[in-house]
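The values are calculated or read from the model by the stated rules, or taken from the named source; none is laboratory data. Because the structure is predicted, anything quoted here is derived from the model rather than measured. No Cβ is skipped: glycine too gets one built from the backbone with ideal geometry, and neighbour counts run over all protein chains shown. Side chains are part of the model used for accessible areas, which takes the heavy atoms of the whole protein and leaves out ligands, DNA and RNA. Shrake-Rupley method; radii C 1.70, N 1.55, O 1.52, S 1.80 Å.
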Amino acid sequence: MLDPHELYELTDDLPDLGQPVLIQALTGFVDAGNASRLAREQLLTSLDARTIATFDLDQLFDYRSRRPIMTFVEDHWESYDAPKLELHLLRDDDETPFLLLTGPEPDVQWERFVAAVAGLTARLDVRLTVGLNSIPMAVPHTRPTGVTAHATRPELISGHEPWLQRVQVPASVGHLLEFRLGEMGRDAVGFAAHVPHYVAQAEYPAAAEVLLTSVSRATGLLLPNEELRSSAEVVRVEIDRQVAQTEDAAALVQALEEQYDAFARGRGEKNLLAPELGSLPSAEELAAELERFLAEQSRPNEGGN
């Protein structure tokens with residue numbers, strides 16, 4: 001096996017990090033409502049960020065399936081938006097250092113990449129790795145945004161009740177990282193925000209806010225989310241307006257509200273996807289929906305930074 005450590009370069013002038021949290025928010029997997037992207041951008045724009053490690057993306061990225069953008073002006077190429085896979089050092093609102101892994105999900109060498117990131121977590125004495133995702137669900141926008149939590153130890157997500165029982169979904173390198181870290185006896189958690197399926201292709205800041213709030217509760221980090229909360233209120237008003245204009249949309253939301261409320265009343269006794277709730281999807285249908293959504297996102301030019 002090729003040496004995983006040769007996949008990245010780590011800066012030599014690192015400050016004392018203590019035992020930092022590492023948040024991984026790679027692009028390329030399911031990101032309903034663009035929640036992971038919004039959360040990632042909120043952190044990078046609201047907090048001072050410094051790149052401390054860069055990965056050799058030429059070994060990991062399929063340029064022909066996810067072609068980066070070049071800008072042509074009149075008679076010459078002006079710029080090339082090169083994809084980057086980087087590890088950033090940030091400090092929360094209380095000046096506590098933490099790490100953020102950003103960039104496109106690798107197309108190849110998953111095990112080598114996971115070994116490289118796991119090696120970095122050991123080298124930097126990371127105490128907890130946190131993954132961010134968002135998934136389309138048969139839930140209404142008029143109810144609190146839910147989140148599915150998973151971890152290498154149940155103690156890491158105490159207070160979170162399961163929404164699902166057993167389901168097979170397309171893999172991601174982030175989920176594989178969590179799985180491998182668990183096999184190594186290292187702590188890792190993941191949060192997947194639930195986005196109403198009828199707004200999954202639009203920006204849904206309420207889900208991004210839930211992701212950052214979940215990370216804060218799990219780690220103690222003070223992460224900025226006021227901007228996301230304000231954006232969520234604006235989006236909620238706009239969705240309400242559009243739903244009110246269409247009788248079918250209003251009926252759909254009402255049906256989802258009734259199903260959600262029935263589930264909430266029986267929480268702990270029923271699974272969100274249980275057949276007793278009528279038209280909510282089965283586990284197999286959810287997996288198919290995730291696969292369809294992932295296929296729609298996997299278009300050329302998605303590679304981004």
Of the accessible area of the chain, computed with a 1.4 Å probe and all protein chains kept, carbon and sulfur make up a percent value of 49 percent
Accessible area per residue in Å² at 1.4 Å probe, computed on region 1-157: 46 Å²
Taking region 1-134 and dividing mean pair separation by its residue count, relative contact order in percent (alpha carbons under 8 Å, at least six apart): 42 percent
Protection proxy ranking, peptides 196-206, 15-25, average beta carbon neighbours within 10 Å, highest first: 196-206, 15-25
Sites residue 240 and residue 158, calculated FRET efficiency, Cβ-Cβ separation with R0 35 Å, nearest 0.05: 0.50
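Kindly state, to the nearest 0.05, the FRET efficiency for residue 19 paired with residue 84, given R0 = 35 Å and r defined as their beta-carbon distance. Kindly include the intermediate steps, with their values, before the conclusion.
Numbers: r = 26 Å, r/R0 = 0.75.
It comes to 0.85.
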Taking the DSSP beta bridges in the chain as the whole, what percent of them are antiparallel, to the nearest 5? 55 percent
Students often check this: by mean Cβ neighbours within 10 Å, which of 35-42, 259-266, 237-244, 145-152 ranks highest, and how do the rest follow? 35-42, 145-152, 259-266, 237-244
Antiparallel content of DSSP bridges confined to region 3-109, in %, to 5: 80 percent
Inter-label distance for residue 179 and residue 127, nm, one decimal - labels placed 7 Å from Cα along Cα-to-Cβ: 2.9 nm
Using alpha carbons only, how many angstrom separate the centre of region 1-16 from the centre of region 179-221? 26 Å
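Of the beta bridges DSSP finds with both residues in region 121-264, what % are antiparallel, to the nearest 5? Don't skip to the answer; put the middle values down first.
On the way: 5 of 14 bridges.
Roughly 35 percent of the beta bridges in region 121-264 run antiparallel, per DSSP.
With a cut-off of 8 Å between alpha carbons and a minimum separation of six or more residues, what is the relative contact order of the chain in percent?
Values: 543 pairs, mean separation 81.3, N = 305.
Value for the chain: 27 percent.
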